[in-house]
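Take a look at the structure set out below.
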Amino acid sequence: MTTGLLCILISSAGSDYFYGYPGEKEPGVHKVKDVVIYENARFYCAFPSVVKRPNGELIVAFRRAPDRKVFSEKSYTHVDANSYLVLVRSRDGETWTKEPELIYAHPFGGSQDPCLLQLRDKTLICASYGWALVREEGIPYLKKPYSMAGGYTFLGGYMLRSENGGKTWKGPWYPPGIPPETMYNDMGEPLPAYNRGALCETKDGRILWVVASSDPATHKRNETHLIVSHDKGLTWQYSCPVARDETASFNETSVYETPKGDIVAFLRTADLEDQACIARSTDGGKSFEPWQKMGFQGHPLNALRLPDNRVLLTYGYRHEPYGIRARILDPECTDYQTSKEIILRDDGGNSDIGYTWPVMLDKRRVLVVYYFNIDNGLRHIAGTILEIN
């Protein structure tokens, strides 16, 4: 990697971008180090989330599946009947437990994207979803319409919960299908609500979850909707649409409540040149204003409130140079068009990286968790420690 200094502000589509080498000092942010959280040559690991327990312990959950090369297969896949949810622990963000603890292995298929949320009463909830392998003779009997990818049919979403710091888990609970969704799972049931992204516990105790659904007319695009729980994730009620479009898709979404009470959804897109998008509710999640492009590329996005109420927004960058990037937004998340882009890493091996999730280590340091590969090698769970000034 080049070691010279580079710090250039350029204007693109009316937005300022900050480009610099990883580790450079950008006003407000200093990179401390990268860490490997979990890697094993026999496993493909991806899609992490992280929480910090009240006692200071960090928990990182992720999806683990066999690295298909151990079976002499040529390529990996994000859909695998043998994928399941695990976690590792740390006290300092640098040294992690070696052997993962099992969160859940779904009895009917592979699980994806464990999304952790720690409630104020210390309860942990985990949102996930799964894919099932239905053999060829069963396919004609599946209730239509259904979703299929790589030979697997979609199970939809489910929820788990732990009341003892992730030592044991209860569930699963299956959220209801939302009204716009017309798909069925492989058992002929309405598809339970699902999505990847950070959930949010609001100041008034509600849990907000932005879920995805297929376009009911064509099933070729995705749109997003808000569902709400008033009982800590045990039951859910439909609220309203978040983002939909006639040509673009919206899916993996993190939801955030600002100090003033606005509900902000950070949206991953498809068929929109990889543009990051945002949608805002000013009425507590009863309705959302029209979605907006944020002026930069990256996905999925995740937001962390800093001690001074600014917001650290992190995301994967799946274009050369592949890596992990971030921005610091104002407390109400209104300056995304002018916020400077901060490069955390630019040494990714290809686009199969990202899915960031940030957490405060202490009053000044942040750990950003993600999955990564170098030189198209082993997929592993990694992190970057930042110092926020």
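The values are calculated or read from the model by the stated rules, or taken from the named source; none is laboratory data. Computed from a prediction, not measured in an experiment: that's the story for all the values here. Virtual Cβ from ideal backbone geometry, glycine too; neighbours counted across all protein chains shown. These area figures cover heavy atoms from the full protein model, side chains too; ligands, DNA and RNA do not enter into them. Shrake-Rupley method; radii C 1.70, N 1.55, O 1.52, S 1.80 Å.
Observations on the model:
- First in the stretch 120-140 and over 20 Å from Ala198 (Cβ atoms), second anywhere and open to solvent by 100 Å² or more (accessible area, probe 1.4 Å), Cβ under 8 Å, 6 or more apart: Ala132/Phe108
- Looking only at the stretch 220-268, and only at residues there that are of a type in the set (D, E, K, R), under 23 Å from Met183 (Cα atoms) and out of contact with any His (no Cβ under 8 Å at 6 or more places or on another chain), the one that is surrounded by the most Cβ atoms within 10 Å (Cβ to Cβ): Glu223
- Out of Glu189, Glu201, one residue alone is open to solvent by 10 Å² or more (accessible area, probe 1.4 Å) and more than 25 Å from Ala105 (Cβ to Cβ). It is Glu201.
- Near pairs, Cβ below 8 angstrom, 6+ apart or cross-chain, from the stretch 274-289 (free of Cβ contacts under 8 Å to residues at least 60 places away in the same chain and among the charged types (D, E, K, R)) to any residue that is assigned to a loop (DSSP other than H, G, I, E, B) and surrounded by fewer than 18 Cβ atoms within 10 Å (Cβ to Cβ): Asp274/Arg318; Asp274/His319; Arg280/Glu289; Glu289/Thr282
- Filtered by the rule that a residue be part of a loop (DSSP other than H, G, I, E, B) and either closer than 24 Å to Phe266 by Cβ or free of Cβ contacts under 8 Å to residues at least 60 places away in the same chain (or both), the stretch 168-186 gives Thr168, Tyr174, Pro175, Gly177, Ile178, Pro179, Pro180, Glu181, Thr182, Met183, Asn185.
- Boolean, Asp274 is farther than 22 Å from Trp131 by Cα, surrounded by fewer than 23 Cβ atoms within 10 Å (Cβ to Cβ) and not aliphatic (A, V, I, L, M): yes
- A residue that is more than 27 Å from Thr253 (Cβ to Cβ) and either touching a strand residue (DSSP E or B) at 6+ places or on another chain (Cβ under 8 Å) or not β-branched (Val, Ile, Thr) (or both) occurs somewhere in the stretch 104-124.
- Output for the stretch 345-387, where each listed residue is open to solvent by 10 Å² or more (accessible area, probe 1.4 Å), free of Cβ contacts under 8 Å to residues at least 60 places away in the same chain and more than 30 Å from Asp308 (Cα to Cα): Gly348, Gly349, Asn350, Ser351, Ile374, Asp375, Asn376, Gly377
- Verdict on Glu57 being touching a residue at least 40 places away in the same chain (Cβ under 8 Å), of a type in the set (D, E, K, R) and more than 21 Å from Tyr158 (Cα to Cα): yes
- Some residue of the stretch 173-195 being of a type in the set (Ser, Thr, Tyr), out of contact with any helix residue (DSSP H, G or I) (no Cβ under 9 Å at 6 or more places or on another chain) and closer than 29 Å to Pro358 by Cα: yes
- Residue in the stretch 212-235 that is in contact with a strand residue (DSSP E or B) (Cβ under 8 Å, 6 or more places away or on another chain), under 16 Å from Ile278 (Cα atoms), charged (D, E, K, R) and part of a loop (DSSP other than H, G, I, E, B) present: no
- Contacts under 6 angstrom Cβ, first residue in the stretch 147-161 being farther than 15 Å from Ser128 by Cα, partner in a loop (DSSP other than H, G, I, E, B) and among the acidic types (Asp, Glu), 6 or more apart: Thr153/Asp186
- Residue within the stretch 254-264 that is over 19 Å from the mean Cα position of the chain (by Cα) and of a type in the set (Phe, Trp, Tyr) present: no
- Any chance Ile178 is farther than 23 Å from Leu313 by Cα, surrounded by fewer than 17 Cβ atoms within 10 Å (Cβ to Cβ) and of a type in the set (A, V, I, L, M): no
- Residue count for the stretch 157-195, restricted to those that are β-branched (Val, Ile, Thr) and within 22 Å of Ser147 (Cβ to Cβ): 2
- Residue count, the stretch 236-265 (criterion: assigned to a strand (DSSP E or B) and without any contact (Cβ under 8 Å) to a residue 40 or more places away in the chain): 2
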